[in-house]
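J.: Structure provided below as structure tokens; questions to follow.
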Amino acid sequence: MAKRLPLRQVMFAASILGLLARAAWALPIDFESLNDLDPVTNQFAGQGVVFTNTTVLTSGAVGGSLDEFEFPPNSGVNVVFDDGGPMMISFAVPFTSVEGYFTYKTQLTLMAFSDTAGSIPIGGGSVTSLFSSNLGMSGEPGSSPNELLQLAGIGPIGSIKITGAPDGSSFTLDDFNGAPAPEPASVLLLGSGLAGLLLHRSRRFREFVDRTK
């Protein structure tokens with residue numbers, strides 16, 4: 001008969017698997033799986049991310065719509081831009097940090113919200129680009145394309161709003177990344193699993209010592 005694992009060890013293993021599944025969501029989204037001028041909405045819902053006012057641009061060097069001289073991709077040939085207004089990105093579970101590489105023709109502001117609808121701002125949860133423009137050929141002196149902008153250490157983030165020109169068509173985003181917050185239940189389960197495993201091993205060690213006396 002196969003040896004059954006103690007319940008605490010099973011719980012511990014399950015919590016580890018759950019946390020690893022969340023960690024997989026932190027992989028960057030590089031938009032390379034999409035086509036030129038594709039609207040981006042819920043294609044990345046499996047990674048916990050949904051976009052609004054977002055459309056793909058592909059490098060003109062490969063027959064796409066992107067002016068890669070002013071807006072060079074950070075990687076690959078695809079980027080996304082703010083189509084029709086500020087870009088909104090919402091998360092299926094709260095994220096602890098978000099970041100991306102931006103090329104812009106007007107200064108950008110990233111604002112974080114605690115809810116997915118973007119109606120409850122997080123105090124101190126905003127960041128502004130370093131320059132008024134960082135285009136590849138005509139950007140502000142001292143700037144360079146693909147500036148990394150980050151929001152972190154401000155509490156759980158339900159969504160972010162990225163604003164350049166009010167009517168859009170003012171920036172590109174590439175290699176979006178983020179880290180989802182662990183579920184409280186998973187953290188508690190992980191802690192209890194660790195404690196149970198350590199207690200189990202401690203008892204086994206004491207029993208071994210007692211037998212060898």
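Where a number appears in this text, it was derived from the coordinates with a stated rule and is not lab data. This is a predicted model, so every value here is computed, not measured. Neighbour counts are summed over all protein chains in view; Cβ atoms, including those assigned to glycine, are modelled from backbone coordinates with ideal geometry.
J.: Which value, in debye to the nearest 20, describes the size of the charge dipole of the stretch 55-121 about its Cα centre when Lys and Arg Cβ atoms bear +1, Asp and Glu Cβ atoms bear -1, and nothing else is charged?
T.: Values: 1 positive and 7 negative charges, 17 e Å.
It works out to roughly 80 debye.
J.: Within 10 Å, Cβ to Cβ, of Leu148, how many net charges do the neighbouring residues add up to if Lys/Arg are +1 and Asp/Glu are -1?
T.: Result for the local shell: -3.
J.: Around Asn53, under 10 Å between beta carbons, what's the net of Lys plus Arg minus Asp minus Glu among the other residues?
T.: Numbers: positive: Lys161; negative: Asp82, Asp83.
My count for the surroundings of Asn53 gives -1.
J.: Report the local net charge at Asn134: Lys and Arg +1, Asp and Glu -1, summed over other residues whose C-beta lies under 12 Å from its C-beta. Don't jump to the answer; show the numbers that get you there.
T.: On the way: positive: Lys105; negative: Glu70, Glu140, Glu147.
Residues close to Asn134 contribute a combined charge of -2.
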